[in-house]
């Protein structure tokens, strides 16, 4: 009886990973920029650079969500049914990541 090892090391495609991270970070930056553009009279106690925190935090959270989505699709890319489930879970995780990034970014300014 001959034992075989069917485990193969798959390499992460960094091009696709970076592309998904940039797309999700761009979506986050666009959404928070649209949200912040509606602020006409910010509270003077926030300081003059209060917009930097959300404009940095939300794209970072979006990029983390995009990386998580790539890793999910990378690990569970088996068949059509699992691909649908992975895509749904991945999109929900991106939405949650952007939501948490928005909360962290706006903490202390628009959301006390």
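The values are calculated or read from the model by the stated rules, or taken from the named source; none is laboratory data. Owing to the predicted nature of the structure, the values given are computational and were not obtained by experimental measurement. Neighbour counts run over all protein chains shown; Cβ positions are idealised from the backbone, glycine included.
Out of 29, 98, 91, which single residue is under 29 Å from residue 11 (Cα atoms) and modelled with pLDDT of 95 or more?
98
Picking from residues in the stretch 28-52 that are out of contact with any helix residue (DSSP H, G or I) (no Cβ under 6 Å at 6 or more places or on another chain) and closer than 20 Å to residue 65 by Cβ, the one that is surrounded by the fewest Cβ atoms within 10 Å (Cβ to Cβ) is 34. Would you be able to tell me the number of residues in the stretch 69-112 that are touching a helix residue (DSSP H, G or I) at 6+ places or on another chain (Cβ under 6 Å), buried (at least 16 other Cβ atoms within 10 Å of the Cβ) and part of a loop (DSSP other than H, G, I, E, B)? So the count comes out to 1. Can you find a residue in the stretch 35-54 that is over 15 Å from residue 16 (Cβ atoms) and within 16 Å of the chain's Cα centre (by Cα)? Yes, because at least one residue in the stretch 35-54 is over 15 Å from residue 16 (Cβ atoms) and within 16 Å of the chain's Cα centre (by Cα).
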